[in-house]
Amino acid sequence: MDDKKDIRKSKKNHDASTELKNNNEDWNNKMKNSTSEYKAMCVIIGENIRIKRRSRRFSVKDLACHLNLSESYIGLLERGERCPSMKIIFQICKLFNISPNDLLISEAAKSNENNFDREAQHDAVSSLCKLLTENETEFIIDSIKNIMKIRQRGA
């Protein structure tokens with residue numbers, strides 16, 4: 001009886017892992033179809049990863065070890081030559097205690113608060129949302145709702 005439970009549990013874990021991998025591949029494929037947007041987003045994310053890593057005094061090797069990735073892959077991400085999967089984005093955010101938004105907005109836009117266009121921020125988020133699967137979209141919406149509840153409790 002326990003063997004059947006273990007087999008079902010193993011199959012369920014494998015199915016979840018396969019779904020996550022497929023969702024990440026779908027996201028990357030959709031992003032690659034809009035080449036200029038994809039490249040620009042990869043460069044912004046990469047620059048922000050480098051900035052956050054350096055501000056925390058992490059070496060490339062340190063970050064690679066924490067994320068269970070290779071140093072060369074971290075280099076590709078930081079140069080914008082690869083775009084991280086949603087899973088890696090969330091791992092980085094958790095490690096550095098930041099929001100995904102901190103990786104998606106260029107430092108130039110963040111540092112120039114007086115001229116920062118909130119509309120551009122919404123456009124960036126909207127563009128990304130179009131690339132998400134239904135499950136990822138629901139996850140993001142639920143996360144935003146939870147943030148709003150926490151803010152309301154604190155206010």
Which of the residues belonging to the stretch 79-93 are polar (S, T, N, Q) and either modelled with pLDDT of 90 or more or over 16 Å from THR133 (Cα atoms) (or both)? GLN91
Let me spell it out: the conditions are (1) at pLDDT below 85; (2) in contact with a Gly (Cβ under 6 Å, 6 or more places away or on another chain), and GLU107 meets all of them except one. Which number is the exception? (2)
Of the residues ILE51, ILE44, which single one is in a helix (DSSP H, G or I), closer than 25 Å to LEU131 by Cα and either modelled with pLDDT under 90 or out of contact with any strand residue (DSSP E or B) (no Cβ under 9 Å at 6 or more places or on another chain) (or both)? ILE44
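The values are calculated or read from the model by the stated rules, or taken from the named source; none is laboratory data. All of these numbers come straight from a predicted model, not from anything done at the bench. Here the Cβ is made from the backbone with ideal geometry for all residues, glycine too, and neighbour counts use every protein chain on show.
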